[in-house]
1. Can you confirm whether Gly389 is among the small types (Gly, Ala, Ser) and either more than 20 Å from the chain's Cα centre (by Cα) or closer than 30 Å to Val338 by Cβ (or both)?
2. Based on this model, can you work out whether Tyr195 counts as assigned to a loop (DSSP other than H, G, I, E, B), modelled with pLDDT of 85 or more and more than 20 Å from the chain's Cα centre (by Cα)?
3. Only one residue in Lys443, Lys448 is farther than 18 Å from Asn327 by Cβ and either crowded, with 21+ Cβ neighbours inside 10 Å or at pLDDT 95 or above (or both). Which one?
4. For the structure I just gave you, tell me whether Ser364 is modelled with pLDDT of 90 or more, in the same structural domain as Ile439 (by TED's automatic domain parsing) and within 21 Å of the chain's Cα centre (by Cα).
5. Return the residues of the stretch 199-242 that are in a loop (DSSP other than H, G, I, E, B) and at pLDDT 90 or above; say none if nothing qualifies.
6. Would you kindly identify the helices (runs of 4 or more DSSP H) lying entirely within the stretch 243-358 that contain at least 1 residues that are within 22 Å of the chain's Cα centre (by Cα) and more than 21 Å from Leu510 (Cβ to Cβ)?
7. Just for the stretch 8-44: of the residues that are at pLDDT below 90 and over 30 Å from Val82 (Cα atoms), which one is surrounded by the most Cβ atoms within 10 Å (Cβ to Cβ)?
8. For the stretch 96-164, give me every one of the helices (runs of 4 or more DSSP H) that falls completely inside it and has 3 or more residues that are over 24 Å from the mean Cα position of the chain (by Cα) and either over 30 Å from Asn328 (Cα atoms) or at pLDDT 70 or above (or both).
Amino acid sequence: MKIFVTLTRLIRSLFSPQICLIWGVSLWLMLTGNHALFEHLLNLYPLNVHNAGFIISISLFFTFSITLWLMLLNHGKSARWVLAIIVLSAAWAAYYMDEFGVIIDHVMLDNAANTDKQEVLGLLSWGFLIKMLLLGVVPAFLLIKKTPARFFKRDSIAIRLKQIALLVLGMILVILPFSADYATFIREHKMVRMYANPTFFHYSLIKWGAQKLFTHHITGLKKTALDTRNVETDQHHELIIMVVGETARFDRFSLNGYQRPTNPRLSKEAVVSFKSVTSCGTSTGVSVPCMFSMLSRKQYDEETALHTENALDVLSREGVKVLWRDNNSDSKGVALRVPYEDFKSPAHNPVCDDNECRDIGMLSGLDKFVAENKDHDILIVLHQMGNHGPEYYRRYPDQFKQFTPICKTGRLSECSQQEIDNSYDNAILYTDYFLSEVIQFLKKYDNKRETAMLYVSDHGESLGEHGIYLHAAPYMMAPQEQTHVPAILWLGQHFDYQLPQVKPYENYPLSHDDVFCTLLTAYELKSEVCHAEFGWLAQNRELIEEQAKHLLPAK
């Protein structure tokens, strides 16, 4: 009898006003914020007699887990404000998971934090505003203004611990009858669990915040060991342009076998298009600093890279005149210690229209920069707007609207697959034009300098495959569309390496890891900290093999 009374009191404690409020918010979040979760779940386990029990069980499990998390976060009068913020943020996360099929992990959050004003405006839509109003703003307002004061009584620690214990017991009980199904689900379908909103979203937020706040600042870094260049053997100074592409897919370049003529200009140039190149990350915020870092993808850490010399720092220290021009968001920390010019506005970029400033404008004034540094080696980095989504139709002028009809909205789910493909491919067509103009610029100096162009995209893009759009998927499960990137090399007549030497290696497995060593090799510099297995230049492989026994320990 005494046990029964104790159990009754415990159960009654789960229905205190504040707990009822938490239960209500949990159910609201499950019903309105987890469409993507259940869409993927039902694709794996179609609703039928065989799967019905497991679907009910896992629905209860996710509901209990949300409730447990909210119990840990909410106490006393602060509960209404915390719950309101959670409802607003969950509505935001739900929109992007439902609309684009993306996962809100720490990489995606970093990507969002580095989004500039123009990109934010491109992602706004009436659908976003309506969903935020109905699922976020209105319920958050009601939580703050209309919740009765009696809901704000703080439960004692003992009572709250008992509530949590009973909730954990409930989670165990719903799992036990379907333990085999849960084992399979956990082992084989990790990606689906990442759509749980707001629990995985909050986990990612904490992880992202921890990376920002609790950083390891490296001190006493050892300078990269470099061999002095033999200047006497150099007949010409280097002039190299590296183009950092944005959101370009390998399989949308006709140079790589795509059936559409997306490379009409480059196909007439003597270039090598590398066929097996993988990115360091699936977002600009990871891939761009990683590709210039001496760290490999597996070793890459944002703070370590930020406080370690990158390829541009090393080249600049050795006398190379480096210039970074940006028509994207920014250099993501790569160009902090070298000259940087922002070409996102008409103040610098002379080629702007109603939609945006164009990549081709970054070539303006470069002749003056070359003339001012006539006695130096030069590296110019051009960071494209490229194929930045979801508004692909804004990425090119009207004269490049070759493939029609096009998708003229950022809400890709409202467009047909053909419209999405057309607008994306038109943007690739514009990149083809831009790269060919870069080559034409370099050809003017081909008799006076060792000229070369290297184009590498930062990451790819999902265009609806498997119901996923955009990029920034967790790397371990990112689709190939987001990690297989195009890379194109053009070499002038006086460059140390010629295309016949490089072309036999166009199918070698290369990656962003190779950029650091390749840039140093291009300027005839040697390093003991190259982590790349291969290089974009054929001789770079020999250099790395020679120095493999002398690699410094990984930092």
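1. On the way: among the small types (Gly, Ala, Ser): yes; either more than 20 Å from the chain's Cα centre (by Cα) or closer than 30 Å to Val338 by Cβ (or both): yes.
In short, yes.
2. Numbers: assigned to a loop (DSSP other than H, G, I, E, B): yes; modelled with pLDDT of 85 or more: yes; more than 20 Å from the chain's Cα centre (by Cα): no.
Answer is no for this residue.
3. Values: Lys448 fails: either crowded, with 21+ Cβ neighbours inside 10 Å or at pLDDT 95 or above (or both).
Step by step, each of Lys443, Lys448 is checked, and only Lys443 is farther than 18 Å from Asn327 by Cβ and either crowded, with 21+ Cβ neighbours inside 10 Å or at pLDDT 95 or above (or both).
4. Details: modelled with pLDDT of 90 or more: yes; in the same structural domain as Ile439 (by TED's automatic domain parsing): yes; within 21 Å of the chain's Cα centre (by Cα): no.
Judged against the criteria, Ser364 is not a match.
5. Across the stretch 199-242, there are no qualifying residues.
6. Working: elements: 284-292, 302-306, 311-317.
By residue number, 284-292, 302-306.
7. Per the criteria, the residue is Leu44.
8. On the way: elements: 106-113, 117-123, 126-132, 138-145.
Qualifying helices (runs of 4 or more DSSP H): 126-132, 138-145.
The values are calculated or read from the model by the stated rules, or taken from the named source; none is laboratory data. What you see is a predicted model, and the numbers here were worked out from it, not measured in a lab. Methodologically, a virtual Cβ is constructed for each residue, glycine included, from the backbone with ideal geometry; neighbour enumeration extends over all protein chains shown.
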